[in-house]
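Computed from the coordinates by the stated procedures, all read-outs in this text should not be read as laboratory data. Because the structure is a prediction, the values reported are computed rather than measured. Cβ sites come from the backbone with ideal geometry, for glycine too, and all protein chains shown count toward neighbours.
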Amino acid sequence: MYNWLTDCVFYVAAALLVVSSLLVITSRNPVRSVLFLVLCFFCSSILWMLLEAEFLALVLIFVYVGAVMTLFLFVVMMLHIDLEKLKTNFVRYLPIGALIVLGMIGLMGYIIAPEHFSLLAPAHHGADYSNIKELGTALYTHYVYPFELAAVILIVAIISAISLAHRGPRGRKSQDVPSQLNIQRNDRVRLVDVPAEKKE
Amino acid sequence: MLENYFSVLIFILIGVAMGVAPLVLGRLVAPHRPDKEKNSPYECGFDAFEDARLPFDVRFYLVALLFIIFDLETAFFFPWAVVLDKIGWFGFGAMMIFLGLLVIGFIYEWKKGALEWE
Amino acid sequence: MNFVIPDVVPAIPEIFMLAMTCIVLLSGLFLQRRYPSLPYMLSLLALVGAVVLTVALYKHTTEITFHNSYIIDHIGSILKVTILGTCFFVFLYCRRYVADRNILNTEFYVLCLFSVLGMMVLVSAYSFISLYLGLEIFSLPLYALIALQRDAARSAEAAMKYFIMGAVASGMLLYGLSMIYGATKSVDIAVVSQVLTSVPASQNLILVFGLVFVVVGVAFKLGGAPFHMWVPDVYEGAPSAVTLFIATAPKIAAFAMAVRLLVDMMPLYQVEWQHMLIVVALVSMAIGNFVAIVQTNLKRMLAYSSIAHMGYMSLGLLSGNAQGYSAASFYIIVYTIMSLGAFGMVTILSGKGFEMETINDYKGLNSRNPWLAFIMLLLMFSMAGVPPIAGFFAKLGVIESLVEAHLVWLAVLALVFAIIGAYYYLRVVKVMYFDAPEHQSRIDTTSMDTRIAISANGLFILVLGIFPGIIFNLCKAAF
């Protein structure tokens, strides 16, 4: 029962993954491509789950579907791509593209064959097994150095994104409270000593 | 471990069915006779002047990008919180350094005004 | 849980660098209005401090820490010090260039420092994870740096090109590393090289496939042909100050990656990667030297010359003996110093509102500023390999190691290409000394500190030519 069901889920998710990734590149509307990419991520998340990597499966939905795809949608809408124009050479480049894809598939099929790839599928664990705990104990102790480097990459990303995309405040009408409070009377009011005219 | 997720599978199946069923029913039951005029966009009787889709402002992109970064940061918090009793002060310190770096990034973006809209 | 808290002492230079970079960022945010040159000064301080720490903490033994993620050894220390010193001179040269143009000041220095930090991590990487993270930390700021001059369309195009090519290169490298991981079940370079001793190359084709992708990734990052397409466009399109940075320190980092992945990890597959590197070296020398002849833009010409130099450097690596490895590291260090001087010259001569980019701009430089023309002459002679300047000894060492490895035909070809290459370097010299200047005005865009720096740079090349042992013995001890 258990094997039958997981096999069934695997084949459905894998087939859906292949179909939706084909639709990503063939769909006429870029927004629709992005939505099919969401479906792709969702299917691969199911595949992660079947490997009992529950944290990675959930993070894939949490980060990729939740955040990255939002960004993709914004980018697609910002760039205003005319996909029809991009596809004018689709047929011309199809043979070489197909050749490369066939080469990659052949290579991958060769590599993953069990006599070359010495990694075996992970064993199934019981109901009390927690993938997050395993991951956490390894990540924050043995892999603490790569973990801190990840923070460096994130801060570099923040700085690059802001310095490239942020154009500074444009006509912002916000109040600068400290300078309002620091204002001196002399900055606002100028008292002029006008000699009084004498009455005749 | 997967048996814990059996109910989630059922939930997904029912959810998908609930979404797909009305669409299929509508397609099957409702009358469906499109023609050229019905499918064309309507703009006060004229032909449409321009594309309805306008390019978005680049600031949306910046906000989405900054969101991803802090989203990833929270993703790192989950396993940390779960095993905090096991990894001890070392793990705690590791996360504090991680967080400190991102706080510096946050100060930068705040001070630069990247969080303000207009 | 058998967990020992890792020893952080070997990594103190990196930690110091990270802390200082954050301080530079915050000082630029809060204090720049009051002290405009504070980020610049602090950046220089960071580099000097990191050099001092790297030298002081090096105990002449190989130390591995952070659970096999981090290694510090002799060659790593030499390369780190060179990277930091190079960046120090880069900052000296480009202070004015950055201030004169529409480039965000603090961000420029901070991104450069982050990139340097990434290079240090890459040099010290001893597992695939830290190697890849180091590679990304050093390349990501570079993409942003190129596009930092936001009103220049040419820079944006260069940044785009570099970004896409860099992403392809990273993808290739990851693909290769994942194959090696699949075959050996480990991401630690030490463990992988241990496992490989029991698996001969003929039996495991997957490792050879992985090696192919690794070599492609390394060649992309080094900018060697046939993966050189991005080099000329990026060098030409980027603002000169950024070109100066991209053309110098990253080469050392890419070399370190080659050493870690090929020499440290796969010494037993030396026959396989030797063949691949022979192709890379030959094509690089041919394309670099021939195409450079027809260039009219100096930055583009130097870009092709860098492709050729990467070819010569790989000759040292591929000869596969300790002499070759040390010759290659000597070559990469000398090349970096030469290219630092040449691109530094382009940067400091470009003033507010004009760039000294085409070779014609250098007409009659001798009559406009004889001292700078002389320094440029030294640099060009060194790049061409004229004795007794450092570039000559670098080439000599590489060719010697080829003869040692019984690859005499390759050595002869390298000599032929070097003679062809001499033509375009000498053309620059001819233009500077024998052509009439287009502008009569004396060049006064340089300030005192840049003049001292560029003179030190040029004279160091000369001194290194007369006493090559200063650095060559260090490189020799490393392998």
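Since only B:Val58, B:Pro34, B:Ile12 are under comparison, the one whose Cα sits farthest along the positive direction of the charge dipole of segment B:2-112, derived from C-beta charges on Lys, Arg, Asp and Glu, is B:Ile12. I want the local charge near C:Lys80. Using Cβ-Cβ distances under 12 Å, sum +1 for each Lys or Arg and -1 for each Asp or Glu among the other residues. That works out to -2.
Counting only other chains, what is the mean number of Cβ atoms within 10 angstrom of the Cβ of each residue in peptide A:52-64? Walk me through the numbers before you get to the answer.
Working: counts 3, 0, 4, 4, 1, 1, 2, 7, 1, 0, 5, 5, 2.
If you average over the peptide's residues, the count of other-chain Cβ atoms is 3.
Using the Karplus equation 6.51 cos²θ - 1.76 cosθ + 1.60 (θ = phi - 60°), what ³J(HN,Hα) coupling, rounded to whole Hz, does each residue of segment C:432-442 give in order, writing x for Gly and Pro? 3J(HN,Hα) across segment C:432-442, in whole Hz: 6, 9, 10, 9, 6, x, 7, 10, 8, 4, 6.
Which value, in debye to the nearest 20, gives the size of the charge dipole of chain A about its Cα centre, when Lys and Arg are +1 and Asp and Glu are -1 at the Cβ?
Details: 15 positive and 14 negative charges, 255 e Å.
Using Cβ point charges on Lys, Arg, Asp and Glu, chain A gives about 1220 debye.
Of A:Ile61, A:Ile46, A:Ile162, the residue with the greatest mean-square motion in the GNM of chain A, using alpha carbon springs below 10 Å, is A:Ile162.
Let me know the mean shielding of B:92-105 by other chains, meaning the per-residue number of their Cβ atoms within 10 Å of its Cβ. Please list the in-between numbers first.
Details: counts 1, 3, 9, 5, 0, 6, 8, 1, 2, 10, 4, 1, 10, 10.
Taking all residues of B:92-105 together, the mean is 5.
Between B:Val82, B:Val103, B:Val20, the residue with the greatest mean-square fluctuation in the GNM of chain B (Cα pairs under 10 Å linked by springs) is B:Val20.
Only Lys, Arg, Asp and Glu carry charge here, each on its Cβ (+1 for the first two, -1 for the last two); on that basis the protein assembly as shown has a dipole of about 1760 debye about its Cα centre.
Which value, in debye to the nearest 20, gives the size of the charge dipole of segment B:2-112 about its Cα centre, when Lys and Arg are +1 and Asp and Glu are -1 at the Cβ?
Dipole size: approximately 140 debye.
Comparing mean-square fluctuations of A:Leu139, A:Leu22, A:Leu154 from a GNM of chain A with C-alpha springs under 10 Å, the top value falls on A:Leu154.
Is the C-alpha gyration tensor of chain C telling us rounded, prolate or oblate? Criteria: a/c under 1.5 is rounded; beyond that, a/b larger than b/c is prolate, otherwise oblate. Taking the square roots of the gyration eigenvalues as a ≥ b ≥ c, chain C is oblate.
Percentage of Cα-Cα pair distances in the protein assembly as shown greater than 46 Å, rounded to whole percent? Display every interim value, and only then the final one.
Values: 96599 of 317206 pairs.
Above the 46 Å cut-off, the protein assembly as shown has 30 percent of its Cα pairs.
Remark: the Cα gyration tensor places segment C:173-313 in the prolate category, a/c being 1.5 or greater and a/b exceeding b/c. When peptides A:11-18, C:83-90 are ranked by their average number of other Cβ atoms within 10 Å per residue, the highest-first order is C:83-90, A:11-18.
For C:Thr358, the residues whose modelled amide H falls within less than 5 Å of its own, excluding neighbours fewer than 5 places apart on the same chain, are C:Leu298.
Sort C:152-158, C:403-409, C:220-226, C:386-392 for me by packing, meaning the mean count of neighbouring Cβ atoms within 10 Å per residue, highest on top. Intermediate results must be reported in sequence, preceding the final value.
Values: C:152-158: 17.0, C:403-409: 14.3, C:220-226: 24.3, C:386-392: 20.9.
My ranking of the peptides, most packed first, is C:220-226, C:386-392, C:152-158, C:403-409.
Shielding of peptide B:82-90 by partners, expressed as the average count of other chain Cβ atoms within 10 Å per residue Cβ, is 5. Since only C:Asn360, C:Val386, C:Ala50 are under comparison, the one whose Cα sits farthest along the positive direction of the charge dipole of segment C:9-478, derived from C-beta charges on Lys, Arg, Asp and Glu, is C:Asn360.
So what is the 222 nm mean residue ellipticity for chain C from helices alone, if each DSSP H run of at least 4 adds -39500 (n - 2.57) and you divide by all residues, rounding to the nearest 500 deg cm²/dmol?
Working: 20 runs with 350 residues, N = 479.
When only DSSP H runs of four or more count, the value is -24500 deg cm²/dmol.
Sort C:265-277, A:140-152 by the packing proxy (mean of other Cβ within 10 Å over each peptide's residues), most packed first. Write out the running numbers ahead of the final one.
Numbers: C:265-277: 18.4, A:140-152: 22.5.
The most tightly packed comes first, giving A:140-152, C:265-277.
Can you tell me how chain A classifies by the Cα gyration tensor, rounded, prolate or oblate, using a/c under 1.5 as the rounded cut? Prolate, since a/c reaches 1.5 and a/b exceeds b/c. When the C-alpha to C-alpha distance is required to be over 31 Å, the pairs from C:Lys299/C:Lys395; C:Lys221/C:Lys476; C:Lys59/C:Lys251; B:Lys111/C:Lys251; C:Lys221/C:Lys430; C:Lys221/C:Lys395 that qualify are B:Lys111/C:Lys251; C:Lys221/C:Lys430.
Taking amide hydrogens as placed 1.01 Å from N in the peptide plane, the amide H of C:Ser127 sits under 5 Å from those of C:Ile189, each at least 5 positions away in sequence or on another chain.
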